[in-house]
Amino acid sequence: MRMKTVISLRLMAAAVMLAPAMLLAQTQVTGAGATFPGPMYTKWFDTYHTAHPEVQINYQAIGSGGGIRQVTEGTVDFGATDGPMNDTQLGDFKTKRGNDVLHFPTVMGAVVPIYNVPGVATALKFTPAALAGIYLGTITKWNDPAIAGPNKGVKLPASDIVVVHRSDGSGTTYIWTDYLSKVSDTWKGKVGANTSPNWPVGLGGAQNAGVAGLVKQTEGSIGYVELIYAVQTNISYGSVQNASGEFVSATLAGVSAAAAAAAAKMPEDFRVSITNAAGKTAYPISSFTWLLVPSKIADAGKKKAIVDFLKWALGDGQNMTEALSYAKLPKEVVAKELKAISKIQ
Amino acid sequence: MTEATRLRSRHMVNNVMLGLTGLFTIIIAGALLFILGYLFINGARNLDFAFFTQLPKPTGETGGGMANAIVGSAKILGMATAIGVPIGFLGGVYLAEYGNKSFAFAVRYLTDLLNGVPSIVIGIFAFTLVVLKAKHFSAFAGGMALGLMMIPISVRSTEEFLRAVPNGLREGALALGTPKWRALATVVIPAAKDGIITGIMLNLARVAGETAPLLFTSLNNRFWSPGINQPTSTLPVMIYTYALSPYDDWHRQAWAAGFVLLMLILTINVSARMILSRSRYSGGR
Amino acid sequence: MHSSETLKVQGEARVPGTKRNPGARAFALRFFSGDEIARALVTISAALILLVTVLLVYELWINSHLAREKFGWHFLTTQVWDPNAGQFGALAFVFGTVVTSFVALLIAVPLGVGAAIFLSELAPPKLSNALTFCIELLAAVPSVIYGLLGVFVLMPLIKQYLHPVLKGTLGWTPLFSGPFYGPSMLVAGIVLAVMILPFIVSVSRQVLLAVPNDQREGALALGATKWESTWKVVVPFAQRGIYGSVFLALARSLGETMAVTMVIGNTPQIKASLFAPGYSIAAVIANEFTEATYDLYVHSLIELGLVLFALTIIINGLARLLVSSTAKFSVSST
């Protein structure tokens with residue numbers, strides 16, 4: 001009896017080990033990194049897999065810092081980030097891998113301030129000074145004049161502000177702090193733009209999802225996430241005052257407007273920041289997000305899969321972006337990228 | 001204070017303190033009932049057929065299941081057992097039957113040391129040893145990490161149960177002229193079999209819920225992962241990812257997964273203990 | 001007693017005992033005797049265990065050398081953890097790890113030892129066994145499930161009920177001052193307490209059961225109440241073993257990762273208030289290990305791993321020293 005159990009357990013184990021091997025031969029590609037485009041990427045890879053069953057691209061949203069590290073170590077086939085790699089990191093990549101890493105913008109998105117303030121139903125308006133002050137820890141109450149000023153008619157409580165930020169190295173954080181650095185000299189001097197800055201205040205939540213989760217569960221909190229996370233989880237998000245002084249709510253049109261100027265003079269390596277861009281309708285906390293692809297991919301199957309996918313993402317894939325609250329890439333950028341794809345060897 | 005009041009107060013203290021210890025016991029046992037009950041209510045309610053048969057949906061979409069994570073967990077646990085149990089078992093046989101003094105002491109000491117290593121540190125080790133060298137996250141790296149964690153208990157339970165086998169059995173077999181290895185394989189080890197199997201099962205139950213060492217070894221996968229060289233989804237990592245997500249549907253699935261995982265572990269655990277108690281019972285007669 | 005075992009054994013002796021390839025075995029047997037092969041096999045396995053453990057320590061040591069060379073002992077005494085500036089100090093994480101474990105012990109030791117007393121001294125054996133079984137099952141619940149419960153059940157409960165009480169009565173002390181957001185060292189400590197309870201109960205109970213009965217009877221004969229005999233005679237007799245169980249639990253809680261990561265708030269700071277979020281060594285490794293973008297950063301994280309390793313080894317060693325002198329471990333409690 002016992003023997004039987006043992007044997008049947010063994011058989012089960014054997015079946016489990018064999019079952020996946022019987023699936024059809026596939027090209028397996030692994031990517032990891034930014035959570036900002038996570039919903040878009042998983043949707044893309046899912047759709048792409050349905051259309052091309054022989055290619056399976058597994059994307060894990062572990063944060064932009066993780067994407068950069070793992071692609072540099074070569075433990076994943078491609079990385080993804082919301083803040084372009086800096087020159088030191090590019091140098092590291094070159095020393096470790098002996099080739100270059102290419103940045104490919106895939107979509108554009110907006111980072112929005114989300115909050116959970118009891119009794120506030122309308123969308124709050126945030127000035128750059130208010131956001132910087134809150135994240136520097138100088139503004140600590142919801143009814144501070146810096147917040148209350150532009151929100152006439154909204155009854156803000158006198159409660160503490162609970163600041164939530166990312167605990168992992170994050171491109172969303174890069175975009176957020178890049179923006180704060182452009183609008184606040186104190187921030188620039190004290191903290192600066194980074195994927196994992198030394199936060200003056202606040203609680204850490206893991207990934208976009210973790211921040212949204214914390215804000216949702218914590219009364220009086222404020223955080224920042226990529227727009228789609230705020231939309232999907234029904235958290236209120238505020239509008240932000242742009243460089244022209246207008247309060248703009250995050251919309252795809254606003255993101256496209258922010259990218260308009262950059263699109264015309266895109267540098268060869270696509271590393272460009274579009275936060276606090278000029279233009280009346282530009283949403284100020286907008287950004288490209290990039291795939292990080294090594295310039296040399298030894299495995300021919302993987303190389304083909306990645307190249308084909310990139311072409312698809314820049315073509316058909318662009319039509320899926322708006323349903324998930326990401327903005328399409330400007331045409332000039334797509335054209336430039338399609339040329340750059342040939343650099344992958 | 002009179003003698004009578006002193007006595008009364010001593011009895012008061014006696015009753016109160018003994019009552020308290022009972023209360024504490026109820027609180028702790030109640031915690032288990034609460035955990036089981038809560039997971040049962042929230043987990044079973046959210047379980048559906050799709051959970052066992054479908055792949056996860058793209059981020060933020062509702063529906064889908066964790067079929068790949070269930071298979072992934074089974075695969076990694078299978079590998080962990082294949083790595084950890086034979087080494088641990090043979091090591092245990094060495095300690096119980098062959099060990100010479102100083103070497104056996106070193107092995108025993110380092111086994112205890114290995115047993116105390118926090119699982120996250122094992123994760124670092126498997127990452128530097130397997131993932132960095134092989135240049136990819138893989139089910140194998142995860143199995144390796146869990147396998148390492150299984151070694152110490154395998155060793156110590158094998159040793160303990162072999163030592164419990166009466167010496168008469170060994171001597172009887174050897175007296176018949178059986179070579180030592182044959183005596184071990186056909187007499188001593190079979191006699192300790194129940195205990196050793198129990199040890200393996202408890203061991204398996206312990207690592208089945210491990211999350212930390214898998215985070216940077218098997219990573220995760222949204223698809224099926226054929227073979228053992230691909231990043232692989234597992235139940236504990238899925239629970240972690242889904243629990244910290246902001247999506248209500250993912251929370252529901254996290255509860256369901258938690259329920260499935262806990263049931264699996266408790267089943268292994270309880271049946272292991274039953275095997276042991278039954279064997280002790282029959283042995284004691 | 002032996003007869004049935006022997007019968008069973010004889011019954012199975014006819015089953016071929018080994019599973020190795022017969023061809024290979026015959027081949028090997030031509031050169032070596034079975035005994036030599038068996039001895040070699042088990043010795044190699046034992047040596048392998050030795051090797052793996054040594055390799056583990058070696059890998060941790062080698063892969064943290066940049067951080068060790070750059071920071072030396074300052075690594076343990078400085079608080080700044082700033083990957084951008086290349087400054088790494090472990091103090092905040094050590095603080096969070098120690099404080100949460102201490103809170104856990106503060107809760108779990110009285111509860112656990114109390115329950116162990118009840119189970120060993122008062123409860124009838126059948127009830128005691130059943131309850132102990134239940135409590136030991138708590139140890140089988142995976143860490144990530146404790147985290148799940150911590151986030152969705154415990155955190156809201158504490159916020160609604162425990163926090164106002166603590167704030168009202170002890171709010172004047174720095175320990176319970178400031179706002180409470182949810183993720184905090186307090187919640188982490190409570191979750192850890194539940195997780196380590198089974199170890200304390202199970203080992204303490206065994207230690208108490210091992211106290212010879214004449215100790216109890218002697219005290220009772222002198223007119224002591226049940227509680228007095230337990231508290232003044234039995235418990236002191238088992239003291240070392242109980243301390244051992246506490247150290248064992250402490251080692252567990254120091255290295256606990258997932259549940260803590262989920263509820264501690266992941267903020268590297270040193271605050272007196274238990275309401276404040278903190279960070280633990282294991283949690284920071286879990287969060288940052290895959291994403292540390294340059295070598296010094298990685299090495300600093302691995303050095304944190306080394307620190308954690310050293311801490312648990314010391315505590316575990318103490319535990320084993322204390323327990324093994326009084327009672328034997330059961331498989332499930334190691």
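With the simple model of a label 7 Å out from the Cα in the direction of the Cβ, B:Asn167 to C:Leu220 spans 3.7 nm.
Please work out the FRET efficiency for the pair A:Lys280 and C:Leu321, using the Cβ-Cβ distance as r and a Förster radius of 56 Å; give the result to the nearest 0.05. Result of the calculation: an efficiency of 0.15. Across chain B, the mean sequence separation of Cα contacts (distance under 8 Å, 6 or more residues apart), normalised by length, yields a relative contact order of 25 percent. Mean residue ellipticity at 222 nm, helices only, chain B: -23000 deg cm²/dmol; runs of at least 4 DSSP H residues each add -39,500 (n - 2.57), and the sum is divided by the number of residues.
Which helices count as membrane-span-like in chain C under these terms: full DSSP H, at least 24 Å along the axis by C-alpha, Kyte-Doolittle mean of 0.5 or more? Passing helices, by number: C:34-62, C:91-117, C:185-209, C:239-255, C:295-324.
Taken about its Cα centre, region B:49-281 carries a charge dipole of roughly 460 debye when the Cβ of each Lys and Arg holds +1 and the Cβ of each Asp and Glu holds -1. Counted residue by residue at 0.36 nm each, then reduced by the alpha carbon distance between them, the extension gain from B:Lys135 to B:Phe49 reaches 27.3 nm. When the chymotrypsin sites (Phe, Trp or Tyr not before Pro) in region B:179-259 are filtered for DSSP coil states and for at most 15 other beta-carbon atoms within 10 Å of their beta-carbon, no site remains.
Note down the relative contact order for region A:71-177 as a percent, whole number, built from C-alpha pairs under 8 angstrom at least six residues apart. This gives 27 percent for region A:71-177.
Look at the dipole of the protein assembly as shown built from charges on Cβ: of C:Pro125, B:Ser157, B:Met144, the Cα furthest out on the positive end belongs to C:Pro125. Here the dipole of chain C is about 680 debye; that uses its Cα centre as origin and unit charges on the Cβ of Lys and Arg (positive) and Asp and Glu (negative). The alpha carbon centroids of region A:255-314 and region C:207-240 are separated by 75 Å. Averaging Cα coordinates gives a centre for region A:70-120 and one for region B:218-241; these two points are 22 Å apart.
Springs between alpha-carbon atoms under 10 Å, Gaussian network over chain C: tell me which of C:Ile49, C:Ile190, C:Ile281 tops the mean-square fluctuations. Between C:Ile49, C:Ile190, C:Ile281, it is C:Ile49 that shows the largest mean-square fluctuation. Take every pair of alpha-carbon atoms less than 8 Å apart whose residues are at least six positions apart; their mean separation over the length of chain A yields a relative contact order of 23 percent. Candidates C:Ile196, A:Gly74, A:Pro113 compared by Cα position along the dipole of the protein assembly as shown: farthest toward the positive end lies C:Ile196, with charges placed on Cβ. Amide H contacts of A:Gly205 (H built 1.01 Å from N, in plane; Pro and chain starts excluded): A:His165, A:Arg166, A:Ser167 sit under 5 Å, all sequence-distant by 5 or more or on other chains. Phi angles of region B:18-30 translate, via the Karplus equation with coefficients 6.51, -1.76, 1.60 and θ = phi - 60°, into HN-Hα couplings of 5, x, 4, 4, x, 4, 4, 4, 5, 4, 5, 5, x Hz per residue; Gly and Pro are given as x.
The A:Glu322 and C:Tyr294 beta-carbon pair, evaluated with R₀ = 25 Å, returns a calculated FRET efficiency of approximately 0.10. Overall form of region A:110-264: rounded. Here a/c, set by the Cα gyration tensor axes a ≥ b ≥ c, is under 1.5.
Amide H to amide H distances under 5 Å link A:Ser196 with A:Ser170, where only residues 5 or more positions off or on other chains count and H is placed in the peptide plane. Work from the charge dipole of the protein assembly as shown (Cβ charges, +1 for Lys and Arg, -1 for Asp and Glu, about the Cα centre) and give the residue of C:Leu162, B:Ile196, C:Pro110 farthest towards its positive end. It is B:Ile196.
Length gained on full extension, C:Leu209 to C:Ser33, computed as 0.36 nm times the residue gap minus the Cα-Cα distance: 58.7 nm.
As a calculated quantity, the FRET efficiency between A:Lys311 and A:Lys265 at R0 = 25 Å, using C-beta atoms, amounts to about 0.55. Spin-label model, B:Lys101/A:Ala121: points 7 Å from Cα along the beta carbon direction are separated by 8.4 nm. Just check region C:72-333 against the gyration tensor rule for me: Cα atoms, a ≥ b ≥ c as the square roots of the eigenvalues, rounded for a/c under 1.5, and otherwise prolate or oblate depending on whether a/b exceeds b/c. Prolate, because a/c is 1.5 or more and a/b exceeds b/c. In a simple Cβ point-charge model (Lys, Arg +1; Asp, Glu -1; nothing else charged), region C:223-310 has a dipole of about 640 debye relative to its Cα centre. Considering only GluC sites (Glu not before Pro) in DSSP loops that have at most 13 other Cβ atoms within 10 Å, the longest stretch of chain A without any of them is A:55-267. Mind running the shape call on the protein assembly as shown? Use the C-alpha gyration tensor, a ≥ b ≥ c as the square roots of the eigenvalues: rounded below 1.5 for a/c, prolate if a/b tops b/c, oblate otherwise. Verdict is oblate for the protein assembly as shown. Residues in region A:126-158, backbone N under 18 Å from the label point at A:Ser249 (7 Å along the Cα-to-beta-carbon vector): list them, ranges by number please. Counting only backbone N, you get A:126-127, A:150-155. Mean-square fluctuations from a GNM of chain B, with a 10 angstrom spring cutoff on Cα atoms, peak among B:Ser102, B:Ser218, B:Ser138 at B:Ser102. Label zone of A:Thr186 (point 7 Å out along Cα→Cβ, amide N under 12 Å): in region A:132-159 this covers A:132-140, A:146. GNM on chain A, alpha-carbon springs under 10 angstrom: the most fluctuating residue among A:Asp100, A:Asp82, A:Asp299 is A:Asp299. Counting only the Cα atoms, region B:9-55 fills a convex hull of 54 Å³ per residue. Between 0 and 90 degrees, the angle of helix A:87-97 with respect to the longest Cα principal axis of chain A falls at about 10 degrees.
No lab work stands behind these numbers, since they all come straight from the coordinates. Keep in mind that what you see is a predicted model, and the values were worked out from it rather than measured. Glycine gets a Cβ as well: all are built from the backbone with ideal geometry, and neighbour counts include every protein chain shown.
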